[in-house]
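Taking it in order: structure first as structure tokens, then the write-up.
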Amino acid sequence: MAPATRRPPLRTAIATVCISGTLEDKLIAAAAAGFDGVEIFEPDFVMSATSAPDVRARCADLGLSIDLYQPFRDLDSTDPDQFARNLRRADRKFDVMEALGTDLVLVCSAVSPTAVDDNGLIADQLHQLADRAQQRGMRISYEALAWGTHVNTYERSWDIVRAADHPALGICLDSFHILSRGSDPAGIEAIPGEKIFFLQLADAPLMNMDILQWSRHHRLFPGQGRFDLPAFLRHVLAAGYTGPLSLEVFNDVFRQSDPRRAAVDAHRSLLALYEWSVGHLPLDRSGRSDRVPGGFAPPVPDLAGFTFAEICVDDASAESVTQTLSRLGFAHTGRHRTKPVQLWSQGAARVLVNRNRRADPTDPNGSVGAGVAAIGFETADPTAAALRAQAMLAPLVPRDRGPAEADLSAVAAPDGTQVFFCRTGADDATSWIGDFADTGQAPVPGAGLTAIDHIELTQPFDRYEEATLFLRSVLGLEPEYDLEFAAPFGLVRIRSMANGAGSVRIGLSGSVLRRSGQWIPGVVEPQNVAFATSDIFAAARAAQAAGAPVVPVPANFYDDLDARLTIDPDRLAQMRALNVLLDRTSDGDYWHFYTAVLGGRVFFEVLQRDGGYRGNGELDAPVRMSGHRRQRIDAQASGPAVV
């Protein structure tokens with residue numbers, strides 16, 4: 001193991017194969033996202049109309065180094081004539097590299113029918129290649145493919161590199177190839193740092209499938225999968241590696257997404273991984289300190305809970321949202337002094353109703369209806385939390401601020417939702433509550449809602465992992481569990497994210513298929529704001545008495561529930577009368593009821609957690625979806641009411 005030394009400045013790179021577009025599109029996206037360098041994936045270059053000297057010049061103009069040219073496949077061969085042809089092919093690639101201005105090429109372990117299964121012979125053939133490279137001022141980085149015919153572990157590839165003993169030959173470590181095979185990365189620390197020529201990083205979900213298909217279609221950016229990449233990177237850095245942290249991710253979704261957006265997601269993943277690995281993120285790296293001043297990014301904020309949920313409405317949906325809040329026991333307690341925003345409160349549960357925003361912040365056409373536009377999080381140091389978000393590449397949202405209004409910074413989440421960091425009751429300029437004039441309206445007695453328990457947001461299929469990484473790196477939330485269930489209108493995927501204290505929970509949901517045309521039976525991209533209570537039946541009775549539009553629950557559900565759980569008859573009768581659902585696990589109970597959909601997307605939930613229940617009642621979601629469908633049909637039949 002190399003002795004501990006001061007680490008060099010953090011440098012980041014991305015293989016062009018990671019993102020969509022032509023080579024020119026990819027270079028522009030990588031530079032705009034803040035990467036220091038790129039790996040040129042040979043197929044991207046071959047299909048490009050830009051010459052190697054012009055690619056070199058373009059990268060220089062964009063501030064990008066070309067750190068690697070890859071891949072060179074199937075070098076070693078038991079056929080001497082084939083090996084000679086491979087050396088000739090390598091010479092031509094050296095010509096390309098020279099024109100590109102890069103000195104390092106990735107050589108993969110062979111998968112051809114003539115692949116060598118003798119370490120000594122492979123070492124000799126690599127030595128010959130390294131001789132030719134050295135004469136050109138170039139180097140060879142040898143990588144073991146996880147599906148290599150004979151060389152498929154980093155341990156064997158290092159044995160071969162060590163036996164070849166050439167200064168122009170080193171090893172490339174790829175986290176996917178190592179961790180997908182279950183290899184122990186601790187042995188990396190025994191490799192001299194100067195012989196680790198390159199590092200490629202990728203995460204992945206744990207899947208039981210052919211390893212080549214797993215690699216080619218399902219890799220993810222760090223922090224989006226299940227590999228222990230922080231521990232892996234610590235081993236590599238402990239060995240003394242000083243090169244860039246580079247991404248090599250093959251993913252069908254990423255390669256069809258907007259390259260600019262995907263590149264930002266990719267860069268965020270490396271920044272987060274570095275911090276998770278070494279405990280801090282330097283902000284003066286490579287001269288790119290313009291985003292956040294200071295030496296290191298602030299740590300993830302300690303979130304005490306939700307400060308508010310802000311729902312934007314149009315004229316047609318405003319009444320249904322505010323009327324439902326009122327019938328759930330909320331009082332209109334504040335009116336913004338300069339903006340058309342109302343504050344509705346009950347206990348520590350606060351909802352802002354904003355008539356000044358579009359329902360979908362990401363829709364340039366200004367879609368109508370109601371939608372969750374912003375979420376406020378309670379934290380002791382809002383300024384540090386906002387600085388951290390910027391360090392993790394979250395863009396600041398421009399805001400119109402009056403002269404006496406709180407100085408709150410908002411950043412945009414990947415789905416366009418604005419994220420505010422707040423300190424309610426603070427005496428300084430961050431006291432957002434002072435922006436609202438007291439209406440004098442008293443809370444409704446008997447409803448008993450205490451706080452926002454969780455918020456569920458639908459994510460498009462191609463942004464699901466991006467949202468996960470944002471919540472992890474910016475807010476410090478971690479995935480609790482993933483669920484998939486058959487809903488009335490197709491498969492639904494759920495991921496629950498929460499902080500360690502459980503004071504903040506965000507649910508992500510999504511479907512693979514985006515429906516269009518006439519058959520759109522479900523709620524398109526639904527959003528749920530869930531409120532906690534200590535007495536679900538008192539809250540349900542109050543809601544029923546006030547005429548809240550609660551989702552009806554079919555008798556079949558209660559019959560099945562009784563068969564499974566043997567509910568007390570009196571309690572079951574209460575549940576039937578009040579449309580209260582129950583999800584029970586070994587940890588505890590989750591009692592809840594839902595409202596109708598308001599303004600096309602938003603609905604509310606009221607819930608009580610008993611014991612150590614950590615979920616969000618997702619297994620009851622199909623009942624809710626069916627109920628929403630029935631309410632929608634009834635509303636369409638009765639008239640143009642907005643629900």
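What's the number of the only condition in (1) open to solvent by 20 Å² or more (accessible area, probe 1.4 Å); (2) touching a Gly at 6+ places or on another chain (Cβ under 7 Å); (3) modelled with pLDDT under 90; (4) within 30 Å of ASP252 (Cα to Cα) that ASP462 fails to meet?
Against the list (1) open to solvent by 20 Å² or more (accessible area, probe 1.4 Å); (2) touching a Gly at 6+ places or on another chain (Cβ under 7 Å); (3) modelled with pLDDT under 90; (4) within 30 Å of ASP252 (Cα to Cα), ASP462 comes up short only on (2).
Give me a count of the residues in the range 183-214 that are in a loop (DSSP other than H, G, I, E, B), open to solvent by 30 Å² or more (accessible area, probe 1.4 Å), of a type outside the set (Asp, Glu) and at pLDDT 95 or above.
The total comes to 1.
Within the range 490-513, take every residue that is within 22 Å of ILE455 (Cβ to Cβ) and not in a strand (DSSP E or B) and give me the one that is modelled with the lowest pLDDT.
If we take residues in the range 490-513 being within 22 Å of ILE455 (Cβ to Cβ) and not in a strand (DSSP E or B), then SER511 is modelled with the lowest pLDDT.
If a residue has to be open to solvent by 50 Å² or more (accessible area, probe 1.4 Å) and in contact (Cβ under 8 Å) with a residue 40 or more places away in the chain to count, how many in the range 401-422 make the cut?
1
Considering only residues of the range 218-236 that are more than 18 Å from the chain's Cα centre (by Cα) and open to solvent by 30 Å² or more (accessible area, probe 1.4 Å), which is nearest to CYS172 (Cα to Cα)? Break it down stepwise before answering.
Within the range 218-236, the subset more than 18 Å from the chain's Cα centre (by Cα) is 231-236.
Filter again for open to solvent by 30 Å² or more (accessible area, probe 1.4 Å), leaving 234-235.
On the way: ARG234: 16, HIS235: 14 Å.
If we take residues in the range 218-236 being more than 18 Å from the chain's Cα centre (by Cα) and open to solvent by 30 Å² or more (accessible area, probe 1.4 Å), then HIS235 is nearest to CYS172 (Cα to Cα).
Checking the conditions here, which among ASP159, ASP124 is over 21 Å from ASP81 (Cα atoms), out of contact with any His (no Cβ under 9 Å at 6 or more places or on another chain) and modelled with pLDDT of 95 or more? Steps first, please.
On the way: ASP124 fails: over 21 Å from ASP81 (Cα atoms).
Only one candidate qualifies: ASP159.
Among the numbered criteria (1) modelled with pLDDT of 90 or more; (2) open to solvent by 20 Å² or more (accessible area, probe 1.4 Å); (3) touching a strand residue (DSSP E or B) at 6+ places or on another chain (Cβ under 8 Å), which single criterion is violated by THR468?
(2)
For the range 320-360, how many residues meet the condition of being over 30 Å from SER534 (Cβ atoms) and either open to solvent by 50 Å² or more (accessible area, probe 1.4 Å) or at pLDDT 95 or above (or both)?
Pass one, the range 320-360, residues over 30 Å from SER534 (Cβ atoms): 336-340, 355-360.
Restricting the remaining residues to those that are either open to solvent by 50 Å² or more (accessible area, probe 1.4 Å) or at pLDDT 95 or above (or both) gives 337-340, 355-358.
Total satisfying the criteria: 8.
Where in the range 414-479 are the strands (runs of 3 or more DSSP E), entirely inside, with at least 3 residues that are farther than 22 Å from GLU525 by Cβ?
Filter on the range 414-479 gives 436-438, 449-458.
Of the residues that sit in the range 516-541 and are farther than 17 Å from HIS628 by Cα and at pLDDT below 95, which one is most open to solvent (accessible area, probe 1.4 Å)?
Only one residue fits best here, namely GLN518.
One residue is enough: does the range 593-616 have a residue meeting the conditions assigned to a loop (DSSP other than H, G, I, E, B), modelled with pLDDT under 95, out of contact with any strand residue (DSSP E or B) (no Cβ under 7 Å at 6 or more places or on another chain) and within 27 Å of ARG493 (Cα to Cα)?
yes
Hand me the list of helices (runs of 4 or more DSSP H) wholly inside the range 31-133 holding 2 or more residues that are of a type in the set (Lys, Arg).
Once the helices (runs of 4 or more DSSP H) in the range 31-133 are filtered for at least 2 residues that are of a type in the set (Lys, Arg), what remains is 52-62, 80-100.
I'd like the residue in the range 553-574 that is at pLDDT 95 or above and polar (S, T, N, Q) and, out of all such residues, is surrounded by the most Cβ atoms within 10 Å (Cβ to Cβ).
So, considering only residues that are at pLDDT 95 or above and polar (S, T, N, Q), the one surrounded by the most Cβ atoms within 10 Å (Cβ to Cβ) is GLN574.
Might you check whether a residue that is of a type in the set (A, V, I, L, M, F, W, C), open to solvent by less than 10 Å² (accessible area, probe 1.4 Å) and farther than 21 Å from CYS18 by Cα occurs anywhere in the range 83-93? Before the answer, list the steps.
First, the residues of the range 83-93 that are of a type in the set (A, V, I, L, M, F, W, C): 83-84, 87, 90.
Remaining after also requiring open to solvent by less than 10 Å² (accessible area, probe 1.4 Å): 90.
So of that shortlist, the ones also farther than 21 Å from CYS18 by Cα come out as 90.
Yes: the range 83-93 contains one or more residues that are of a type in the set (A, V, I, L, M, F, W, C), open to solvent by less than 10 Å² (accessible area, probe 1.4 Å) and farther than 21 Å from CYS18 by Cα.
For GLN128, state whether it is without any contact (Cβ under 8 Å) to a residue 12 or more places away in the chain, open to solvent by 50 Å² or more (accessible area, probe 1.4 Å) and either within 21 Å of TYR69 (Cβ to Cβ) or of a type in the set (A, V, I, L, M, F, W, C) (or both).
No, not satisfied.
The values are calculated or read from the model by the stated rules, or taken from the named source; none is laboratory data. Please read these numbers as outputs of a predicted model, since none were measured by experiment. So basically every Cβ, Gly included, is an ideal-geometry build from the backbone, and we count neighbours across all protein chains shown. In case anyone asks, the SASA skips ligands and DNA or RNA and just uses the protein heavy atoms, side chains included. Shrake-Rupley method; radii C 1.70, N 1.55, O 1.52, S 1.80 Å.
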